[in-house]
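Working notes, beginning with the structure itself.
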Amino acid sequence: MALSGLEIYKNLPKTNCKECGFPTCLAFAMKLAAKGVELSACPYVSEAAKQALEAAAAPPIRLVTIGADSRKIEVGNEVVLFRHEKTFYHQPGIVVRVKDTEPADQIAKTAKEVGGYSVERVGLQLTLDGIAIENTSGDPAKFAAAVKAVKDTATVPLILMSQDPKAMEAALEVAKDGKPLIYAATSQNWQEMAGLAKKYSAPLAVYSKDGLDQLAELTKNIAGAGVADLMLDPGARGMLDSLQMMTQLRRLALKKNFRALGYPIITFPGEGVDSLEEEAATAAQHVAKYAGVIVLNSFNPAVAYPLLTERLNLFTDPQKPIQVEPKLYAIGEANEKSPLLVTTNFSLTYFSVAGEVENSRIPAWLLVTDAEGMSVLTAWAAGKFDAEKIAKAVKSSGVEQKVPHKKIIIPGYVATLSGELEEELPGWDILVGTREAVDIPAYLRSAWSA
Amino acid sequence: MAVEIPVEKWAGKVREVTIGATASEGGTRSKTVTVGGESTLPFLQFEGQLPHRPVIAVEIHDAEPTDWSPTLLGALGDVVKDPAAWAKKAEEWGADLIFMRLVSTNPDGENRKPEAAAEVVKSVLKAVGLPLIVYGGAGIEHNPDVLVKVAQATEGERLVLGPAEDKNYRTIVAGCLAHGHIVSAFTPMDLNLAKQLNILVSDVGLSPDRIIVDPNTGALGYGLEYCVSVIERLRLSALQGDSMTQMPIISLAGEESWRTKESKVSEGVPEAWGDFAELGLIWETTTATTLLHSGADIVTLRHPKSVALIKSVIDKLGKGA
Ligand code: SF4
């Protein structure tokens, strides 16, 4: 959390010696608050003050990394409760759990499916993030073998689930290069687990279902023992309890700068629910409301795809509307007789129009112009979607070779452009389409007879 | 280590709106449904009141849908041919309300006359005791004619009629005023436009407890994030005390999510999408769950299994309320 100049000033020597280049300590503090100068410019800050200032300047929710490869999970460092206030920065990791009591080939199969899962959306490849291995058997050797089976099949971040430090150590020996998440330290085992987290430089999840007081006590002890990268499991299961608990944790971190609970949260939406669909709904809640890592009970693409899409949606920066690539898109099996529509590259506009053209079941060409990611009306008002720009897109896209019919359908909202566009595109017929995307199917069915 | 839970004290709360009227209130409904009244963000019962849980409006059409997903048509069966039978089924599934879209009035389609559409609405009212939300399907220009006829034919039933938009709200609101109904004020995903329309509707003389806000719905993968943010902003503004944002919110989760490619395409489904029937269902419930968490008071749904699931979600989140 950013400190104010006055808060910083309190920690300075207040001698106004000017060696930092500023006339007073207060002036220096103000500049520091505005991030215009480094604290090291003052040679006289005490070690204690330095630490206090650095700690206070750290993010309210610690950034924690699980995994060592390029496919690592980075969570935390969030600064708002609602995405419109700024943005959500780090997408929650979505992982799938296997149990060490399952047959080795079953474990390997799940690991392969999860590790290899990839679904295309908006030109992006969405993937699952990792695998959690649970020491259900209680047997350290079995646990280590299961971890090995996973590690040999999939190169994804791992979460090791056991409360037995012996089993954990056996598993860590197998997975040690991969910085797996250790789940979990409890009031019973925290000293040993903290020791393991240090030895293997792995992040550590802390579990307590006895309320936030207990949880905070535990994290304080563990942080005191020298483990900085922690995650929280406050033990809340079910939709209502987890919503309330996770909201409280996010608020404590952001509004109170409460360090002992300023860590990302791990959740298990499949615990205590009656069906796959209920697990999916609980996971959907956790994506929206404050999870850092979500552990699903099983691999199912019909659950994974919606959750990955929700995550993609909610973690989109609201200040930067996603843009689609300005180019010519073929919707369905478009050919030289298919209609040609033009719209802007605001993603929502593009998807609405493309979706409705698809709904019409009439294959078509969709020419998307570069309107800096604005919708049709906004772009038109801002001069980013005018006759000149449309004509330019027509010429540069090569659509003239694709549609000899030379008819172009413009959005109903910019009907006024048709005259100018006729001048810019001699020989073309300018047709005025619908204002709303939803009316496109009816329009195409009745108006298109090329 | 003592942890003090931060609790928000909000200055405002969401307005209560009662939909439907029983015989003693001038209608024929067997019960009414009240939405709104929250004095906190969705389901945060540790700091505020949730006097009425969010409700489910099951969507039906006044004419047989021809382009719906096979998953959906399979689950609904023959009732889609008869709006009254369909509404009855919805009541059995546990609907709190019926959301009826008058698609047959679309001039580019069947172009059914307003009087005929109003007759279908009456047949549904006869078949079920649940309160009704009736949406036009004739477009911004023709919806007022249709909705005014429906308003007349169902005098005193306290239906929700919509969508009333900035270009056509006057006639629709007048119909609601004259015949004792509620209006659903529709704006395209913008807090200020939503607020502005509420002001305009109130200026015509409709009391604020007869306005529902429809801030436009984006399905999962199709603008859900815009929808989440506009609802969250509306709700925060309501709790902060801005009276023209304090109306309960409706989200058309069913209609929007079943229009998406993910729910509709039944052939050539990519392997990464998994089971097609399951995907359509989870697309709808994920959309609905996310919108409920943003602040929706009414969600529309289409699939009977979604109704059951979202009902249990609301029961769990609203426990104690
Ligand atoms: S160098 Fe340090 S002590 Fe001297 S004026 Fe600057 S801030 Fe103050």
Restricting attention to the range A:34-63, which residues are among the hydrophobic types (A, V, I, L, M, F, W, C), assigned to a helix (DSSP H, G or I) and away from the ligand (no atom under 13 Å from the Cβ)?
A:Ala48, A:Ala52, A:Ala55, A:Ala56, A:Ala57
One residue is enough: does the range B:250-259 have a residue meeting the conditions within 12 Å of another protein chain (Cβ to nearest Cβ) and more than 17 Å from B:Ile56 (Cα to Cα)?
yes
Single match in A:Leu367, A:Leu307, A:Leu340 (criterion: touching a strand residue (DSSP E or B) at 6+ places or on another chain (Cβ under 9 Å), within 10 Å of chain B (Cβ to nearest Cβ) and open to solvent by less than 10 Å² (accessible area, probe 1.4 Å)):
A:Leu307
Kindly evaluate A:Gly76 against the criterion of being small (Gly, Ala, Ser), more than 14 Å from every other protein chain (Cβ to nearest Cβ) and within 29 Å of A:Leu158 (Cβ to Cβ).
yes
Cβ-Cβ below 6 Å, separation at least six or inter-chain, first residue in the range B:41-56 and more than 14 Å from chain A (Cβ to nearest Cβ), second part of a loop (DSSP other than H, G, I, E, B) and open to solvent by less than 20 Å² (accessible area, probe 1.4 Å): which pairs?
B:Pro51/B:Gly37; B:His52/B:Gly37
Selection count where residues are outside any strand (DSSP E or B) and in contact (Cβ under 8 Å) with a residue 40 or more places away in the chain, scope the range A:91-118
15
Looking only at the range A:196-232, how many residues end up being farther than 24 Å from A:Ala55 by Cβ and open to solvent by less than 70 Å² (accessible area, probe 1.4 Å)?
4
If you take just the helices (runs of 4 or more DSSP H) that sit entirely in the range A:312-420, which of them hold at least 2 residues that are closer than 22 Å to B:Asp108 by Cβ?
A:347-360
Take the residues of the range A:255-272 that are open to solvent by 20 Å² or more (accessible area, probe 1.4 Å) and part of a helix (DSSP H, G or I): which is farthest from the other protein chains (Cβ to nearest Cβ)?
A:Arg259
Quick check on the range B:9-37: of everything there that is without any contact (Cβ under 8 Å) to a residue 40 or more places away in the chain and open to solvent by less than 50 Å² (accessible area, probe 1.4 Å), which residue is nearest to B:His179 (Cα to Cα)?
B:Thr22
Output the number of the condition that A:Ala236 fails; it satisfies all remaining conditions of (1) more than 10 Å from chain B (Cβ to nearest Cβ); (2) open to solvent by 30 Å² or more (accessible area, probe 1.4 Å).
(2)
Any helices (runs of 4 or more DSSP H) falling wholly within the range B:226-298 and containing at least 3 residues that are of a type in the set (A, V, I, L, M) and open to solvent by less than 40 Å² (accessible area, probe 1.4 Å):
B:276-294
May I ask you to list the residues in the range A:161-205 that are within 14 Å of A:Leu230 (Cβ to Cβ) and either assigned to a strand (DSSP E or B) or among the acidic types (Asp, Glu) (or both)?
A:Leu181, A:Ile182, A:Tyr183, A:Ala184, A:Ala185, A:Leu204, A:Ala205
Restricted to the range A:19-28 and to residues being in a helix (DSSP H, G or I) and either within 7 Å of the ligand (Cβ to nearest atom) or within 14 Å of chain B (Cβ to nearest Cβ) (or both), the residue surrounded by the most Cβ atoms within 10 Å (Cβ to Cβ) is A:Phe28
Kindly indicate which of A:Lys14, A:Lys31 is more than 14 Å from every other protein chain (Cβ to nearest Cβ), open to solvent by 60 Å² or more (accessible area, probe 1.4 Å) and either away from the ligand (no atom under 12 Å from the Cβ) or at pLDDT 90 or above (or both).
A:Lys14
I'd like the residue in the range A:313-325 that is surrounded by fewer than 20 Cβ atoms within 10 Å (Cβ to Cβ) and not β-branched (Val, Ile, Thr) and, out of all such residues, is farthest from the other protein chains (Cβ to nearest Cβ).
A:Glu325
Listing of helices (runs of 4 or more DSSP H) fully contained in the range B:56-128 that carry 1 or more residues being among the hydroxyl-bearing types (Ser, Thr, Tyr) and farther than 30 Å from B:Phe276 by Cα
B:114-127
So, B:Glu25, is that one of a type in the set (D, E, K, R) and within 14 Å of chain A (Cβ to nearest Cβ) or not?
no
Among the residues of the range A:282-293, is any charged (D, E, K, R), open to solvent by 10 Å² or more (accessible area, probe 1.4 Å) and facing another protein chain (nearest Cβ under 10 Å)?
yes
Quick one: would you say A:Ser275 is within 11 Å of another protein chain (Cβ to nearest Cβ) and over 25 Å from A:Glu74 (Cβ atoms)?
yes
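The values are calculated or read from the model by the stated rules, or taken from the named source; none is laboratory data. Remember, it's a predicted structure, so these values are computed and weren't measured experimentally. Here the Cβ is made from the backbone with ideal geometry for all residues, glycine too, and neighbour counts use every protein chain on show. The accessibility values were calculated without ligands, DNA or RNA, using every heavy atom of the protein model including side chains. Shrake-Rupley method; radii C 1.70, N 1.55, O 1.52, S 1.80 Å.
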